[in-house]
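Participant: Encoded as structure tokens, here's the structure I'll be asking about.
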Amino acid sequence: MNDYMAILKNIQSNNIGELEKMIRGVDINKINNNSGDTPLIYAVYNGKKEAVKLLLEYGADPNISMEGGFTPLIVSIGISEDTYITKLLLDYGADSNFEAQYNGTPLMKASQRGNLEAVKLLLDYGADINLSARRTRAGAISMAIGYHHIHIVKLLLDRGVDISLSDNEGHTAYDQALLEIEYCANIGVPCGESQNILRLLDDHINIIKSKQLLSFAKTQDKIHSIVGRDMDEGVFSNISEHLSNMRYVPSVQMRMLHEKMENDMMANYLDTLNQYGSGKRNRKRIKSIKKYKY
């Protein structure tokens, strides 16, 4: 404990020379207090950039957590908008997806605080944009919406966050935006930012639906190129209409709809061919259909 306190004193006074003497030849990761606070966590918490760099150079583990599961990376995001220390920790192998007991992952923390540069940095270093908290199943997009950080919401949407995911209460990102507006209205405060977020989500969903409809159309064209165009297109029309009426189609459901459309259209066409006998042209088409895989 005496070594620990002496090291902290040099960190606090920014006495880098003396600090280096104390940690040379020492396992810096075994020096901590009763709460598990390491010198690295202390240096990060106090924003001592030189000390943080020195400790990392001498082998301080950026993934050792203190009581409550806070790692140096989560601490760095929680105490400052400056991303210098955050980047330093990531460069030395800090886990961008480590989840603290109550504060979620670093990306969730940065999204909650509205720290745009930290969010960009974490994503660039491999943070899972769709990772959800074990306790609540809420993700970074939920944090950004709940704290009304529209610039974070926009960034996450641009980086491909899956807004079909739901928390442990079954709420998606869209549902949460609606709940935020309802809450503001109930307590009589302006909810302009939440309304702007909802419009942003609406625009994003419309773009997704347009792309999905186009994807369906391309699939239909592929099938037609094999079996011809003299078939009943009602199945495709029904699925397209169903898609248009949905708020958002998750990727898993999208694949299922593709498979349903393909199977239904092929089955429909095979029935039609069987009705017209087994001529040479029909036999060739049936063979093509059975070989086809989307």
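All of the numbers you see were taken from the coordinates with simple rules; none came from a lab. As the structure is a computational prediction, the values presented were derived from the model and not from experiment. Counting neighbours? That spans all protein chains shown, and the Cβs are built from the backbone with ideal geometry, glycine included.
Participant: Counting other beta carbons within 10 Å of each Cβ, put 122, 165, 178, 90 in order, fewest first.
Facilitator: The most exposed by this proxy come first: 178, 165, 90, 122.
Participant: Just list whichever of 21/49; 154/211; 49/154; 9/48; 120/154 have alpha carbons separated by over 23 Å in the model shown.
Facilitator: Pairs exceeding 23 Å: 49/154.
Participant: If you don't mind, another one. Residue 100's amide H: which non-local residues (gap 5+, or another chain) put their own amide H closer than 5 Å, with H modeled 1.01 Å from N in plane and none for Pro or chain starts?
Facilitator: Placed amide hydrogens put 105 under 5 Å from residue 100.
Participant: Which of the peptides 135-146, 152-163 is most tightly packed, and how do the rest follow, judged by the mean count of other Cβ atoms within 10 Å per residue?
Facilitator: Ranked by mean Cβ neighbours within 10 Å, highest first: 135-146, 152-163.
Participant: Spelling out what I want: for every residue of segment 18-34, take phi, set θ = phi - 60°, compute 6.51 cos²θ - 1.76 cosθ + 1.60 (Karplus), and round to whole Hz; glycine and proline get x.
Facilitator: Each residue's phi maps through the Karplus curve to give 5, 4, 4, 4, 6, 9, 5, x, 10, 7, 5, 6, 9, 9, 7, 9, 5 Hz.
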